[in-house]
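One structure is given here, and the rest of the page talks about it.
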There are 4 protein chains.
Amino acid sequence: MNAAVRSAVRIGVLQGHQMLAVHDSFDGLAHGMIEPIGWSGVAGWTGKGGSMLGTKRSLPNEFMEEISLSITKFNIHALIIIGGFEAFVGGLQLVQAREKYEELCIPLVVVPATVSNNVPGSDFSIGADTALNTITMTCDRIKQSAAGTKRRVFIVETMGGYCGYLATMAGLASGADAAYVYEDPFNIHDLEMNVEHLVEKMKTTVKRGLILRNEKCNANYTTDFIFNLYSEEGKGVFDCRKNVLGHMQQGGTPSPFDRNFGTKMGLKSVLWLTDKLKECYRHGRIFANSPDTACVLGMKKRSLVFQPLSEAKEGTDFEHRIPTQQWWLKLRPILKILAKYKISLDTSERTEMEHIVTKRGQIR
Amino acid sequence: MNAAVRSAVRIGVLQGHQMLAVHDSFDGLAHGMIEPIGWSGVAGWTGKGGSMLGTKRSLPNEFMEEISLSITKFNIHALIIIGGFEAFVGGLQLVQAREKYEELCIPLVVVPATVSNNVPGSDFSIGADTALNTITMTCDRIKQSAAGTKRRVFIVETMGGYCGYLATMAGLASGADAAYVYEDPFNIHDLEMNVEHLVEKMKTTVKRGLILRNEKCNANYTTDFIFNLYSEEGKGVFDCRKNVLGHMQQGGTPSPFDRNFGTKMGLKSVLWLTDKLKECYRHGRIFANSPDTACVLGMKKRSLVFQPLSEAKEGTDFEHRIPTQQWWLKLRPILKILAKYKISLDTSERTEMEHIVTKRGQIR
Amino acid sequence: MNAAVRSAVRIGVLQGHQMLAVHDSFDGLAHGMIEPIGWSGVAGWTGKGGSMLGTKRSLPNEFMEEISLSITKFNIHALIIIGGFEAFVGGLQLVQAREKYEELCIPLVVVPATVSNNVPGSDFSIGADTALNTITMTCDRIKQSAAGTKRRVFIVETMGGYCGYLATMAGLASGADAAYVYEDPFNIHDLEMNVEHLVEKMKTTVKRGLILRNEKCNANYTTDFIFNLYSEEGKGVFDCRKNVLGHMQQGGTPSPFDRNFGTKMGLKSVLWLTDKLKECYRHGRIFANSPDTACVLGMKKRSLVFQPLSEAKEGTDFEHRIPTQQWWLKLRPILKILAKYKISLDTSERTEMEHIVTKRGQIR
Amino acid sequence: MNAAVRSAVRIGVLQGHQMLAVHDSFDGLAHGMIEPIGWSGVAGWTGKGGSMLGTKRSLPNEFMEEISLSITKFNIHALIIIGGFEAFVGGLQLVQAREKYEELCIPLVVVPATVSNNVPGSDFSIGADTALNTITMTCDRIKQSAAGTKRRVFIVETMGGYCGYLATMAGLASGADAAYVYEDPFNIHDLEMNVEHLVEKMKTTVKRGLILRNEKCNANYTTDFIFNLYSEEGKGVFDCRKNVLGHMQQGGTPSPFDRNFGTKMGLKSVLWLTDKLKECYRHGRIFANSPDTACVLGMKKRSLVFQPLSEAKEGTDFEHRIPTQQWWLKLRPILKILAKYKISLDTSERTEMEHIVTKRGQIR
């Protein structure tokens, strides 16, 4: 996300804005941890991992009064909020508070940046590609640790909250035998089928199995539960190892995709805010109160689009902190098919084929 | 591209096709280096770099007669051609030869796979993300080698033929000061401006400069030429180092993006061919002769689309082996702006902004 | 360890030996999973991770009769046993069985290869450097995940059985605050001191803590126990995360150090066996029964030395599967000192210094 | 080398010294770029690449007067000089200048830190392991780029000045076919033999060749020369690619080996200086003028030893900036043997073996 800050600051400066860095998120906004930041203040930030501005999980509702005071005190005309689901919820809270605090009637944009890729309004969030690279590389390493060992199945737990993006995509990339996620519910019967399937496969030439499990896919079918089930049912055929990947998924140098994605998001945010500021400027002041002045900036089908937060809110499952529609779910059948489960693809993808007769009468 | 082969083979098998592996490209097709390949024959291919089936640069026109004989002999009903610009040109040659050889009247699809990302009909090609990761990581390392050294400028040459995709995207990701590419012509005046700009920057607190240059960006302004120019003009202010990255850009374990992209392309190709086979099946044989039976499969705006080769041909600069339209060219101004060149963004992106008066009468 | 096999096979071939590959360890030796292997059979093995010959944890005592028969049947003159503590114990069992089976009176050498670095007779084992690279890189990533987060302590569990080599060396390399290992016993008082120390540090500008814990350092003070202790005592000052690194530590491409170390070990083993074979050859047959015909090859102070297994046995703690003397233990005070614990260095390293008076009468 | 600074500073502080950081090497020492540095000033330095204190290639002879004044002005009692061959030569110049400047009669120690591993007095220098990791990983990638391609030979140029350490060790680790270095002279006949050897190999199943060449191995047999020779002689059998690795070899995150090696060197330096200061302290001042008060700290056979610079000087080839004796040269025959050259190992390593008669009368 530092790449997004870098480009927002630099483009902002070029557009004649005075850019301010808010440290430690909404907490810092409330408590005045705000300072001017210029061109050279963000030098070298493209390649930096983590968050240079600091993070905090607190939400604006805790201190809306202080936030409105800060906005006046620091003369803030517009806000760019870069972060994960908290950034999204925080943006919504600020919008709701516009009723009470006119200071909050300024344009704002939420830029999705989290490894979990669970922010409504965008197909991707900054950081997810980097995390996916790390997870896939680690799964490669884990599988390779069993080279030379007799049959072994690895159960690997990934991050993502309730969002199964990382587990699914890493599973597809690693050739996993299954990827358990919250969005694609499974019961004991499915688990049984999977373990039997693996037992059958291991009786052939296949030597290694890989199961991915998203951290919150199911409160009862935990990584330990699945490990125990596979260990018991695989007894005599394969042994089992488990691995909770943990925080290594959040660190590391950002991938060029995430850097360039962040750069574009930062740029677009500032250009959009510049336009909104002009639109909302009347009688010597800024007043932004319509839904389209508080947006989430997302990549949708490879275009960057601004969607009002109030609209994005409709497509959100707040309990599980995920969008209600997720594009990557349609990739899950591929994972299952390539692991040789007898699952038919969605018929919208293809129609069933009849027997192909030999060409020009030949028979093979 | 091995991930594409893996998913094509497996999905093909599931669809009831007999899948055949052709080794060594068109050469192998002509000379019968063809053998059945099944489910387990592609086990573990997702994570493998390079091409498991072998490559060769020869084009079908060299041995069209032999190819048509092979097609009959091995009873081939459809072709998936995975590769770079040669695959594209090869596909076109096969289509042109349909006039003479009815054996070639079978459905075929070209799947773009090359680090250069220069295949018409697709925004991305399999392998380019992996190469970009390698180049960016190497540029990080190169820049870091100068930590502690007084002012230094690195000139780094990337691959890509005439296509400036890798140089541009790696330049953006690495915070480069310039990225010279064929598609964005430059003359001695531009070079002069760049070097002066860098001399000015280096007089401030900036200590390191990075210039990317695509291998074929200009026949005369070679990496050596640019190195000499920068060395001479930077004398006393910075010293200069050059680096031709070479073949390391083509190796390495594929990134999860490339793996999953390949998997989807392989899957889509087979499903499409299955449908085409049904469409083209009449009176006990396959006969495919319309333009829409020979397509390039591409990602366009994050959708996979099939475009007739004959149509894609229109958008191709064959001399320089690049598409005539390239989406990423619109990112180049961002690179320049973030390197602090005084360049204005396309006005379609935004309109110029007037002075923002202070909110509620405040003055800063 | 594949590099060791490669060089042993190639040097063996050059010396005129017929080289045989035994698959799946002692199990394979007992059950005849043995086949000739030549120069090209090991092509490309230097850079391969895992074990190309396969591994199994079984020990020779389970099937000594079958092993002795295999040795006769395959006409085996000498044995190279590459592996971890099992290889060492297996070698000892073979030596003990010489009393009963004259077939076992052949020269044999144990080559230490395990990430745990716990084989008696050598300062290093093949694979430990690669594992250390992976662990350190992962710790870097874990620490970096907290960039921008307020104070956080990570508890990271490493592999190694009872041997604290990996935890200690990775701790030193990562600037850890503590590294708990079996060889350096600790009690609740030490844990308390450490957590208090960290609480104090975190009150200053320090933001991140890193604690390494070897998997078997203490049966009761588990990773969970330590996590709970730190979480409770750090409440309000820092939060805590834990991470069990797991099998990723065993995979990955071998480092150049491990490759070259393996190559040298393989070479030395064959040269030594060649000499031993000549020594033990009398009246048309091989008979090796003295202690110095069954050695462990180790690196000691950067020299490769052969030590009789019977002698190395003396220096072994079999219960905990570690050598009784471990050179790297003397590095542990450095780790503690650099984490600012008030610990004095061994006085053999230095003598206490008196006040340095100013040079030439100056006073600062 | 930052790890060495970190441990030197921290141990120094613990020993009661006032530690001073000199920026930009001897240049900074002469011009007073000197400031106190404490415990937290080096926080996080273990994992940092490059040189945090800055480097400059100038030698002390250029400004000995200024240096002596700085030593008095900043009341410097002892010097730790961390760096490559320049650090070594600089140390020698300071010692020589003791005749004229009594200010220089203070204890000093040179700590070898350079990727080139060419500092007399030590088997290893800090940074060489990291560079070796990078080079080997890059050679893996380069070789893999040819997977699927017909026969290809890569010529890769490494850094190291005249010192062939990196080329030799990376060649051994990568299974190279040859590694040309200055220390092991070669002529046109050798080149011819190598290329013929490779042509023969490529006629078998071998598909890829790798040649390493140290940058200064020979002024006439340049990388281009060798590339042209191999290209011409390999015509029809293999094609050829060349790659000058460049500055990526100097960057990157330090390996755990280099970090821990640096940490130990920093620690030892300070302890040794502490002792020397006590020895040299008489009548209220420091006076160090004997050869053993100006040493290079090196690792020799895995022990850290201090050798007087005056003595290390004897073992130095100043023209080529390398030690006259280099331990790793004895590994070069292994590289050649494993590439199947008919070269016999040094007989000190082994004696020639006679035919091994079958055991117990068996014949195979």
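A short reminder: the numbers here are calculations on the coordinates, not readings from a lab. Everything numeric here is computed off the predicted structure, so don't read it as measured data. Ideal geometry is used to build each Cβ from the backbone, glycine not excepted, and the neighbour counts take in all protein chains shown.
The figures follow:
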{"item": "Size-normalised alpha-carbon gyration radius of region D:96-219, reference 2.2 N^0.38 Å", "result": "1.40"}
{"item": "For A:Thr158, residues with placed amide H under 5 Å, excluding near neighbours", "result": "A:Arg213, A:Asn214, A:Glu215"}
{"item": "Given charges at beta-carbon only (K, R positive; D, E negative), |dipole| of region B:1-145 in Debye", "result": "480 debye"}
{"item": "Added length on full extension, which subtracts the Cα-Cα distance from 0.36 nm per residue, D:Val237 to D:Lys73", "result": "52.2 nm"}
{"item": "Kirkwood hydrodynamic radius (C-alpha pairs) into Stokes-Einstein, region C:62-130, 20 °C and 1.002 mPa s, D in µm²/s", "result": "168 µm²/s"}
{"item": "Pairs of Cα atoms farther than 42 Å apart, the protein assembly as shown, %", "result": "53 percent"}
{"item": "Exam field: C:Trp39 pseudo-label spacings to other copies (7 Å along Cα-Cβ), nanometres", "result": "4.1, 6.3, 6.4"}
{"item": "Rough spin-label spacing in nm, given labels placed 7 Å along Cα→Cβ, for B:Lys300 and C:His31", "result": "5.7 nm"}
{"item": "Packing rank of C:154-160, A:215-221, B:28-34, C:213-219, where each peptide gets the mean count of other beta carbons within 10 Å, highest leading", "result": "C:154-160, C:213-219, B:28-34, A:215-221"}
{"item": "Label spacing, shortest first and in nm, from C:Asp184 to its equivalents in the remaining copies (7 angstrom along Cα→Cβ)", "result": "4.0, 4.6, 5.3"}
{"item": "Added length on full extension, which subtracts the Cα-Cα distance from 0.36 nm per residue, D:Asn187 to D:Phe225", "result": "12.4 nm"}
{"item": "Relative exposure of B:Ile67, B:Ile188, judged by other C-beta atoms within 10 Å (fewest first)", "result": "B:Ile188, B:Ile67"}
{"item": "Exceeding the 24 Å Cα-Cα cut-off - candidates C:Lys268/D:Lys301; A:Lys216/C:Lys201; B:Lys268/D:Lys143", "result": "A:Lys216/C:Lys201; B:Lys268/D:Lys143"}
{"item": "Reach of B:Lys100 by Cα under 28 Å, taken over lysines that are not fewer than 8 positions away in the same chain", "result": "A:Lys359, B:Lys56, B:Lys73, B:Lys276, B:Lys278, B:Lys313"}
{"item": "Across the identical copies, how the D:Asp239 labels are spaced - nm, sorted shortest first, 7 Å along Cα→Cβ", "result": "3.6, 4.9, 5.6"}
{"item": "A:Trp39-B:Phe287 pseudo-label distance in nm [points 7 Å out on the Cα-to-Cβ vector]", "result": "6.9 nm"}
{"item": "Charged-residue dipole, Cβ positions (Lys, Arg, Asp, Glu), region C:65-216 about Cα centre, Debye nearest 20", "result": "980 debye"}
{"item": "Kirkwood Rh and Cα Rg combined as Rg over Rh, evaluated for chain D", "result": "1.07"}
{"item": "Whether region A:270-341 is rounded, prolate or oblate, judged on the alpha carbon gyration tensor where a/c under 1.5 counts as rounded", "result": "prolate"}
{"item": "Cα point-scatterer Debye curve for region C:1-147, base-10 log of I(q)/I(0) at q = 0.11 Å⁻¹", "result": "-0.46"}
{"item": "Calculated from backbone phi, Karplus (6.51, -1.76, 1.60) coupling profile of region B:187-198 in Hz, x at Gly/Pro", "result": "10, 4, 5, 5, 4, 4, 4, 4, 5, 5, 4, 5"}
{"item": "Additional length obtainable on full extension of the chain from D:Glu319 to D:Lys203, 0.36 nm per residue less Cα span", "result": "37.5 nm"}
{"item": "Whole-Å semi-axes of region C:285-325's equivalent ellipsoid (Cα gyration tensor)", "result": "22, 15, 6"}
{"item": "Mean Cα-pair separation over length for chain B, i.e. relative contact order, pairs under 8 Å, 6 or more apart, %", "result": "21 percent"}
{"item": "Max mean-square fluctuation residue, GNM over chain C, Cα-Cα springs under 10 Å, options C:Thr222, C:Thr46, C:Thr136", "result": "C:Thr222"}
{"item": "Projected area, mean over directions - region A:1-74, Cα convex hull, nm²", "result": "4.9 nm²"}
{"item": "Estimated vicinal HN-Hα couplings, Hz - region A:54-61 in sequence order (Karplus 6.51, -1.76, 1.60; Gly, Pro = x)", "result": "x, 10, 7, 7, 5, 10, x, 4"}
{"item": "Rotation relating A and C, chain C residue nearest the axis via C-beta, angstrom", "result": "C:Val244, 3"}
{"item": "Whole-Hz couplings from phi, Karplus 6.51/-1.76/1.60, listed for region C:115-128; x for Gly and Pro", "result": "5, 6, 6, 10, 8, x, x, 8, 6, 10, 10, 4, x, 5"}
